[in-house]
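> Questions regarding the structure given below will be posed in turn.
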Amino acid sequence: FMEVNGVSEVVEKIINETLASGVEPLRRTFSGVYDGYDDAPVAYVSETEVFLSATGVIKGYENAIDQREVGVRWSLSNIAAADRALTAIHEAAKKAAFVTAPVTRSFLEGDVEGALTKLATDGVTGENILLAFPEKTIIASQKAKDGVKTARAMGYKAAIYGFSGEESLSALTAAPVDYVFFSPEMTALSGDRDKPGLFTAITTLLRALRVSIVLCGVKTDDVIRDATAAECFGVMPDETYEGEFNFPKQALSLDEVLAQGEAGV
């Protein structure tokens with residue numbers, strides 16, 4: 001791809017045209033969050049892919065648009081899509097405490113109040129929508145922290161994904177979030193015999209901050225039991241998970257999510 005100011009001109013053109021038309025190649029998938037008691041999802045994490053039939057999924061485009069205006073439009077599109085998904089999931093009598101909507105730094109640093117107010121005129125209230133962003137977003141930018149606060153004041157919830165705990169514990173006090181999604185490496189601390197007590201210390205601190213925890217990349221039932229003991233909100237299984245639960249496939253289309261539990265599905 002031709003690079004312009006470190007951003008792929010082709011990727012930005014694709015995303016802009018897609019957002020304007022509402023036609024693929026933006027493809028959204030949904031992965032379940034589980035409470036550790038059964039294999040029915042209690043919430044969903046959505047991801048937005050840029051997909052081209054000629055090349056497949058384009059990797060890393062989120063970084064390319066993170067601080068650009070197109071990232072604002074991409075974020076708003078994700079929020080609206082999360083709202084539509086929530087409505088469909090609830091109408092299908094399925095549980096969904098939340099659906100995440102990935103947002104960019106450019107969105108959080110911009111006119112968050114104005115953008116969310118405009119969405120509200122289209123019926124998007126923010127209820128049960130979880131704005132999700134990487135921890136580097138609020139570490140690097142005071143304006144992004146302020147944007148998180150504004151969104152939460154307007155009824156949205158916020159989450160850090162890929163949480164490593166290395167730098168963002170202090171950021172949580174500056175821009176409180178409602179959820180953190182542990183990175184697989186962070187999740188693995190639950191069984192790390194070389195660092196006994198570290199997992200418990202971190203989860204205890206987060207609970208004291210009233211932050212709910214989701215463990216990502218769970219591979220064993222031992223980790224699920226640790227999550228339950230630590231009062232985590234839920235877990236997301238790794239594709240290599242082996243245990244007593246029969247978790248459905250992750251990264252499904254909305255139609256596939258709605259069909260779960262039907263005969264033969």
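The values are calculated or read from the model by the stated rules, or taken from the named source; none is laboratory data. Predicted model, so just to flag it, every value in this text is computed and none were measured. Glycine gets a Cβ as well: all are built from the backbone with ideal geometry, and neighbour counts include every protein chain shown.
> Just checking, how many residues over the stretch 224-246 are within 13 Å of S31 (Cβ to Cβ), out of contact with any helix residue (DSSP H, G or I) (no Cβ under 6 Å at 6 or more places or on another chain) and in contact (Cβ under 8 Å) with a residue 60 or more places away in the chain? Step through it out loud before you land on a result.
Kept after step one, since they are within 13 Å of S31 (Cβ to Cβ), are these residues of the stretch 224-246: 234-239, 241.
When the remaining residues are screened for being out of contact with any helix residue (DSSP H, G or I) (no Cβ under 6 Å at 6 or more places or on another chain), the result is 234, 236-239, 241.
Still in the running and in contact (Cβ under 8 Å) with a residue 60 or more places away in the chain: 234, 236-237.
Selection size over the stretch 224-246: 3.
> Being crowded, with 18+ Cβ neighbours inside 10 Å and more than 19 Å from E135 (Cα to Cα) is true for just one of V180, V223. Which residue is that?
V223
> I would also like to ask the following. Going by the structure shown, is A96 modelled with pLDDT of 95 or more, out of contact with any helix residue (DSSP H, G or I) (no Cβ under 9 Å at 6 or more places or on another chain) and buried (at least 18 other Cβ atoms within 10 Å of the Cβ)?
Numbers: modelled with pLDDT of 95 or more: yes; out of contact with any helix residue (DSSP H, G or I) (no Cβ under 9 Å at 6 or more places or on another chain): no; buried (at least 18 other Cβ atoms within 10 Å of the Cβ): yes.
In short, no.
> Shifting gears a bit: Within the stretch 173-181, can one find any residue that is aromatic (F, W, Y), under 22 Å from the mean Cα position of the chain (by Cα), in a strand (DSSP E or B) and closer than 30 Å to D146 by Cβ?
Step one: list which residues in the stretch 173-181 are aromatic (F, W, Y), which gives 179, 181.
Keeping just the survivors that are under 22 Å from the mean Cα position of the chain (by Cα) gives 179, 181.
Now drop any that are not in a strand (DSSP E or B), which leaves 179, 181.
If we keep only those that are closer than 30 Å to D146 by Cβ too, we end up with 179, 181.
So far as the stretch 173-181 goes, yes, one or more of its residues are aromatic (F, W, Y), under 22 Å from the mean Cα position of the chain (by Cα), in a strand (DSSP E or B) and closer than 30 Å to D146 by Cβ.
> With E62, E49 as the choices, which residue is under 15 Å from the mean Cα position of the chain (by Cα) and free of Cβ contacts under 8 Å to residues at least 40 places away in the same chain? Before you say what the answer is, go through the steps one by one.
Values: E62 fails: free of Cβ contacts under 8 Å to residues at least 40 places away in the same chain.
Just a single option satisfies the conditions, and that option is E49.
> Looking for whichever is of a type in the set (D, E, K, R), buried (at least 20 other Cβ atoms within 10 Å of the Cβ) and touching a Gly at 6+ places or on another chain (Cβ under 7 Å) here; the options are E127, E135. Which one fits? Write out each step before concluding.
Values: E127 fails: buried (at least 20 other Cβ atoms within 10 Å of the Cβ).
Within the list E127, E135, the selection yields E135.
> Further question: Restrict the check to the stretch 147-162 and report whether at least one residue is more than 25 Å from A43 (Cβ to Cβ) and surrounded by fewer than 16 Cβ atoms within 10 Å (Cβ to Cβ). Walk me through how you get there before you give the answer.
Applying the first criterion (more than 25 Å from A43 (Cβ to Cβ)) to the stretch 147-162 yields none.
No, the stretch 147-162 contains no residue that is more than 25 Å from A43 (Cβ to Cβ) and surrounded by fewer than 16 Cβ atoms within 10 Å (Cβ to Cβ).
> So L86 fits all but one of (1) crowded, with 17+ Cβ neighbours inside 10 Å; (2) in contact with a Phe, Trp or Tyr (Cβ under 9 Å, 6 or more places away or on another chain); (3) at pLDDT below 95; what number is the exception?
Checking L86 against (1) crowded, with 17+ Cβ neighbours inside 10 Å; (2) in contact with a Phe, Trp or Tyr (Cβ under 9 Å, 6 or more places away or on another chain); (3) at pLDDT below 95, the one that fails is (3).
> Given the conditions (1) of a type outside the set (S, T, Y); (2) at pLDDT below 95; (3) not in a strand (DSSP E or B), and given that G162 satisfies all but one, which numbered condition is not satisfied?
(3)
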